[in-house]
Amino acid sequence: MRIILVTSNSFAAQVAMRNVLLFHKGLIKGVVIVTQLRGSKWQQVSRFWTLFQKKSFRFLWFKFVEAVIFPRWVLITGLVDRSKSEEERLPFKEYLKKNKIPFQVFDDVNSPGCKSWIKSINADLLISAYGTQIFGEELIGLVPKAINLHGSLLPKYRGSAPYFWVVANQEKEAGITIHELTPVLDGGDILVQRAIPIRPSMSVYAVHYALCRLAGEALSDTISAMLRGDKFTRTPQIAEGDRERLPERKDMRSFRGSLITGRDFLTLR
């Protein structure tokens, strides 16, 4: 089996992809890293300013900590954490380089350049995880099978930041879904779902991080099941479900949980 991964450069994606790369790196023939901020520097600044005006500053700060501070914290602690191998301590791109796994960075997953590169890999399976863009029909048609990882128990909490909304709505559990990839946002037939309980003391990031680790395990197990030839029960998403967005200021005013705590730094690996 030849696999191509399409993911982002986010810390969450790197956490989730760790299991897949460690256990199935021989099958990974290419990785597409889709940038989270598209366009020129000016366009990125303009887009961030628009977000700042509409969205919650607290949540944007939380995303900054996740994107900038946490990866550096993990890198520093990894230097003294001898429980992990040298490969496990490597940053995402360095791991790919060391293992000679081809990768390309694109702003737009549906761009001609990206589609051409994916086609050149000649993959049997495309795995999308932690991306922020919707795949077009032409892109999905480049591979025999395509699946997507979403960080909620679909059809609930489609769209952005499901890990925030499950905490904000005081849900008792959170989970991940692996489903067939379609042009409909998080709308394909469900193949695999796994859940974890949400403890009252858990912050938004604690839930997010736990789901990332769960996602990596589920994806690795799903690949193993496909290699064995196991049959999956396909469950159509009949219910319309929720379509969530990034939290706005009014959402944060009513939010009573914690976004991030000091304990979260101690759990990072």
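Kindly list the number of the only condition in (1) touching a helix residue (DSSP H, G or I) at 6+ places or on another chain (Cβ under 8 Å); (2) in contact (Cβ under 8 Å) with a residue 40 or more places away in the chain; (3) open to solvent by 60 Å² or more (accessible area, probe 1.4 Å) that fails for Val167. Checking Val167 against (1) touching a helix residue (DSSP H, G or I) at 6+ places or on another chain (Cβ under 8 Å); (2) in contact (Cβ under 8 Å) with a residue 40 or more places away in the chain; (3) open to solvent by 60 Å² or more (accessible area, probe 1.4 Å), the one that fails is (3). Within the range 176-197, if we keep just the residues that are in contact with a helix residue (DSSP H, G or I) (Cβ under 6 Å, 6 or more places away or on another chain) and outside any strand (DSSP E or B), the residue that is nearest to Leu153 (Cα to Cα) turns out to be Leu181.
There is at least one residue in the range 115-136 that is in a loop (DSSP other than H, G, I, E, B), among the aromatic types (Phe, Trp, Tyr) and under 23 Å from Ile176 (Cα atoms). Considering the range 225-237, and only residues there that are touching a residue at least 60 places away in the same chain (Cβ under 8 Å) and out of contact with any Pro (no Cβ under 7 Å at 6 or more places or on another chain), the residue that is surrounded by the fewest Cβ atoms within 10 Å (Cβ to Cβ) turns out to be Leu227.
Consider Val207 carefully, then state whether it is closer than 30 Å to Ile3 by Cα and either open to solvent by less than 10 Å² (accessible area, probe 1.4 Å) or part of a helix (DSSP H, G or I) (or both). For Val207, the condition - closer than 30 Å to Ile3 by Cα and either open to solvent by less than 10 Å² (accessible area, probe 1.4 Å) or part of a helix (DSSP H, G or I) (or both) - is met.
Ala146 satisfies every condition listed in (1) without any contact (Cβ under 8 Å) to a residue 40 or more places away in the chain; (2) open to solvent by less than 20 Å² (accessible area, probe 1.4 Å); (3) more than 18 Å from the chain's Cα centre (by Cα) except (3). In the range 122-141, the residues that are on the phi > 0 side of the Ramachandran plot and among the polar types (S, T, N, Q) reach residues that are open to solvent by 50 Å² or more (accessible area, probe 1.4 Å) and part of a strand (DSSP E or B) with C-beta atoms within less than 8 angstrom, at least six apart or across chains, in these pairs: Asn122/Lys29. Taking each residue of the range 27-40 that is modelled with pLDDT under 90 and open to solvent by 60 Å² or more (accessible area, probe 1.4 Å) and looking for partners that are in a strand (DSSP E or B) and of a type in the set (Ser, Thr, Tyr) with beta-carbon atoms closer than 7 Å, six or more apart or interchain, yields Gln36/Ser8.
The values are calculated or read from the model by the stated rules, or taken from the named source; none is laboratory data. Predicted model, so just to flag it, every value in this text is computed and none were measured. No Cβ is skipped: glycine too gets one built from the backbone with ideal geometry, and neighbour counts run over all protein chains shown. The area values use the complete protein model at the heavy-atom level, side chains included, leaving out ligands, DNA and RNA. Shrake-Rupley method; radii C 1.70, N 1.55, O 1.52, S 1.80 Å.
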